Amino acid sequence: MAASSTADDVKLLGGWPSPFSNRIQIALNLKSIPYDFIEETFTPKSHLLLKSNPVHKQIPVLFHHDKPICESIVILQYIDEVWTKGQSLLPSDSYDRAIARFWAAYIDDKWFPSLRQLTIFAQGEDAISAALKQIVEATAVVEGAFADCSKGKAYFGGDKIGYLDLVFGCFLGWLRLAEKVVGVDLLTETKTPGLVGWVERFSSNDAVKSVIQEPEKLMETLEFLKAMFNASTT
Amino acid sequence: MAEEVKLIRTWSSPFALRIVWALKLKGIEFETVLEDLASKSPLLLQSNPVHKKVPVLVHNGKPVSESLVILEYIEETWKEKPLLPEDPYEKASSRFWAKFSDEKLLPSVWTVFISQGNKQEEALVPALENLQFIEEQLEGKKFFGGEKIGLLDLAIGWMADMVSVLEEVTGLKLIQEDKFPLLSAWIEIFADVPEIKESGAPREKLISKFQAIRDAYAATK
């Protein structure tokens with residue numbers, strides 16, 4: 001748990017396996033914002049979670065001077081707008097910002113649901129095959145996005161890690177787990193050379209290292225999620 | 001260089017309409033490119049190759065897609081007559097509820113209107129719950145943006161004409177005045193704002209369109 005700072009008074013209600021929580025943890029680390037990490041209990045959902053996010057009842061929730069902000073994309077932009085010293089997460093040019101926001105929506109609305117479909121929901125050979133096809137296609141789209149946004153530089157954000165690096169990078173642990181479980185590499189030198197190089201650079205950053213989980217650690221959470229899904233559909 | 005702003009849209013898309021409103025409220029001159037989604041134009045396919053959907057804003061030849069992304073782009077590019085509050089916390093709140101409108105509220109309302117019988121009864125539960133969340137956001141306010149229209153009003157603005165059209169098509173009154181007094185009042189003043197009033201699609205045309213959609217869903221049971 002990071003040391004708390006009364007000056008900034010930042011708390012994050014999150015979960016170590018949650019990519020959306022990881023997204024915010026990395027952002028706070030990048031901006032050197034000290035915060036208290038509150039681990040959500042989940043079963044059952046804590047009183048704090050239900051009170052601070054009654055609409056979605058989901059983590060992460062950022063508390064700044066005890067005021068809650070929900071939805072990781074909204075939180076990222078809030079952090080960028082409040083803590084303006086040091087590196088900016090979103091690009092400075094308004095068109096580049098629109099492109100970053102567009103791809104963030106694609107990653108959250110199309111890419112990640114495809115990954116979840118493959119790892120949690122798809123049952124039986126046909127469904128898994130279809131899900132795999134979808135995630136491979138979506139990943140190819142993200143490779144294209146990387147080429148467009150990085151413009152030959154190291155990160156989606158250019159020379160430094162930015163908004164889109166966090167939006168996609170937070171899923172790396174789960175992506176690696178999916179590859180292990182299905183036995184197929186989603187990121188390869190031949191198909192996604194840009195992303196392969198990017199993963200190495202992104203993962204080695206100090207702000208990221210302690211946050212993104214090894215796939216083995218996530219396996220138990222995956223089993224739990226699958227069990228919950230199966231229980232809800234029987 | 002003279003500013004060139006094009007909006008690729010369809011006559012009925014509520015997502016495109018919110019962009020029309022934003023451009024008009026900010027006094028930005030623009031050209032409308034009407035799309036027939038049954039036969040997508042090369043311009044659309046080129047401007048939004050990922051989703052092939054409307055709306056797309058093309059500013060000096062550069063395309064921006066996804067309506068909430070477009071709204072933020074418009075807000076940041078043309079800074080007069082701001083649509084978002086200055087305070088970061090209030091801004092975050094507008095963004096949160098705009099996402100809620102698109103991801104939860106609109107789909108739940110839509111489900112009510114394409115459902116029949118028991119399924120419709122079931123669909124009412126989340127829809128009414130979502131409407132209640134929005135109702136609470138209007139507490140002490142004239143518009144979602146406060147005294148003036150803001151980005152959140154534009155994001156939720158699809159309720160202003162769409163809901164009454166859907167209510168007429170199904171005969172189901174979803175936003176009852178006694179249950180949702182603030183929302184009912186907001187729908188009236190929002191619809192009355194000149195830039196909003198002059199932009200709506202012809203009501204009879206909307207009614208025909210949604211009647212046909214609802215009939216098609218009923219026929220697939």
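The values are calculated or read from the model by the stated rules, or taken from the named source; none is laboratory data. The structure displayed is predicted, hence computed values, not measured ones. Positions of Cβ are backbone-derived with ideal geometry, glycine not excepted, and every protein chain shown enters the neighbour counts. Note: accessible area is taken over every heavy atom of the protein model, side chains too, but ligands, DNA and RNA are not part of it. Shrake-Rupley method; radii C 1.70, N 1.55, O 1.52, S 1.80 Å.
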| Solvent-accessible area of residue A:80 with every protein chain in place, 1.4 Å probe, in Å² to the nearest 10 | 20
| field | Interface area, A with B, accessible, probe 1.4 Å, both sides summed, Å² nearest 100 | value | 2300
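For peptide B:59-66, what's the mean number of Cβ atoms from other chains within 10 Å of each residue's Cβ? Walk me through the numbers before you get to the answer.
Numbers: counts 3, 1, 0, 3, 4, 7, 5, 8.
That average works out to 4.
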| field | Stokes-Einstein D (µm²/s) once Rh is taken as the Kirkwood radius of chain B over alpha-carbon pairs, at 25 °C in 0.890 mPa s | value | 134
| task | Enter the Cα centre distance for the pair the range B:111-174 and the range B:188-205, rounded to the nearest angstrom. | result | 16
| said: Between A:41, A:192, A:139, where does the largest GNM mean-square fluctuation fall for chain A, given springs only between Cα atoms within less than 10 Å? | reply: A:41
| message | Skipping prolines and chain starts, which residues have an amide H placed within reach, meaning under 5 Å, of the one on residue A:38, given they are 5 or more residues away or on another chain? | response | A:12, A:13, A:14
| said: If you average the C-alpha positions of the range A:93-114 and of the range B:1-72 separately, how far apart do those two centres end up, in angstrom? | reply: 17
| note | Listed residues B:158, B:186, B:78; largest mean-square fluctuation, Gaussian network over chain B with Cα springs below 10 Å, found at B:78
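Highest mean first, what order results for A:22-29, A:113-120, A:219-226 on Cβ atoms within 10 Å?
On the way: A:22-29: 24.2, A:113-120: 18.8, A:219-226: 13.9.
Sorting A:22-29, A:113-120, A:219-226 by mean packing, highest first, produces A:22-29, A:113-120, A:219-226.
Counting partner chain Cβ atoms within 10 Å of every residue's Cβ in A:95-103, what's the average?
Numbers: counts 8, 0, 6, 14, 6, 1, 7, 11, 3.
Whole-number average of other-chain Cβ neighbours for A:95-103 is 6.
For the protein assembly as shown, what is the mean residue ellipticity at 222 nm derived from helices alone (per DSSP H run of n ≥ 4: -39500 (n - 2.57); sum divided by total residues; nearest 500 deg cm²/dmol)?
Values: 22 runs with 249 residues, N = 455.
Computed mean residue ellipticity for the protein assembly as shown: -16500 deg cm²/dmol.
Please tell me the relative contact order of chain A in percent, rounded to the nearest whole number, where contacts are Cα pairs under 8 Å and at least six residues apart.
Details: 282 pairs, mean separation 46.8, N = 234.
RCO, chain A: 20 percent.
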| Each residue of the range B:132-146 in turn: what ³J(HN,Hα) in whole Hz from Karplus with 6.51, -1.76, 1.60 and θ = phi - 60°, glycine and Pro shown as x? | 5, 4, 5, 3, 5, 5, 8, 3, x, 10, 8, 10, 4, x, x
| request: Would you pull out the residues with amide H under 5 Å of residue B:33's amide H, same chain only if 5 or more places away, H placed 1.01 Å from N? | output: B:7, B:8, B:9
| request: Only Cα pairs under 8 Å and at least 6 apart count here; give the relative contact order of the range B:1-157 as a rounded whole percent. | output: 21
| Over all residues in A:69-82, what is the mean tally of Cβ atoms on other chains that come within 10 Å of each residue's Cβ? | 4
| field | Most fluctuating residue given options B:163, B:20, B:69, as computed from a GNM of chain B linking Cα atoms under 10 Å | value | B:69
